[in-house]
1. Can you pull out every residue in region 1-30 that is free of Cβ contacts under 8 Å to residues at least 12 places away in the same chain and either in contact with a Ser or Thr (Cβ under 6 Å, 6 or more places away or on another chain) or polar (S, T, N, Q) (or both)?
2. Does Lys147 meet the test of being modelled with pLDDT under 75 and not in a helix (DSSP H, G or I)?
3. Given the options Leu66, Leu27, Leu72, Leu81, name the one that is within 15 Å of Thr94 (Cα to Cα) and either modelled with pLDDT of 90 or more or among the β-branched types (Val, Ile, Thr) (or both).
Amino acid sequence: MKKYSIEHINKIILENLPKETLWKVKLFQNWNDIIGENLKDKIRIERIDSNTITLGVDHPAWAQELNSLSNLFKKRINDVLETNQIEIIRFKVTGKKKIAKTQNVQFIKNRKNSSNNTEISFSVKEQKSLDKIKDIELKNVLVEYYKNRIAR
């Protein structure tokens, strides 16, 4: 039996897919880079319909908070796809994850970016939005996402 490399199989698949669906392949191939290291385990692609993408999250609080950032995600996705393919982003709670109770956790609003020691500051609107987030893990992940994707 002849063995095929992943690259060979990938090439065959790409050659036989309809051209109008190739952007979906590109989206999946680049998903971890699009969403970032801190969110890749927290947000999953659940469904793609023409101009709408449904993203799965583990907790309702994540869905609510991430929905407010959907324009940022949409811009990042469309930048990678090099087209305005995605117009609508929906969030769906796909499972519940146990959240460890954290006591006496202090969230630092303007943290130092360890990679280049630059201070990250937020607009008044962004800071108010961050202050409303009760889940410390979510807040920290969103700040990291901002630092890694937006503040470049």
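1. Ser5, Asn10, Asn16, Thr21, Gln29
2. Values: modelled with pLDDT under 75: yes; not in a helix (DSSP H, G or I): no.
No; evaluated as a whole, the condition is false for this residue.
3. Details: Leu27 fails: within 15 Å of Thr94 (Cα to Cα); Leu72 fails: within 15 Å of Thr94 (Cα to Cα); Leu81 fails: within 15 Å of Thr94 (Cα to Cα).
Matching residue, one of Leu66, Leu27, Leu72, Leu81: Leu66.
The values are calculated or read from the model by the stated rules, or taken from the named source; none is laboratory data. Predicted, not measured: the structure shown is a model, and the values here were computed from it. Glycine gets a Cβ as well: all are built from the backbone with ideal geometry, and neighbour counts include every protein chain shown.
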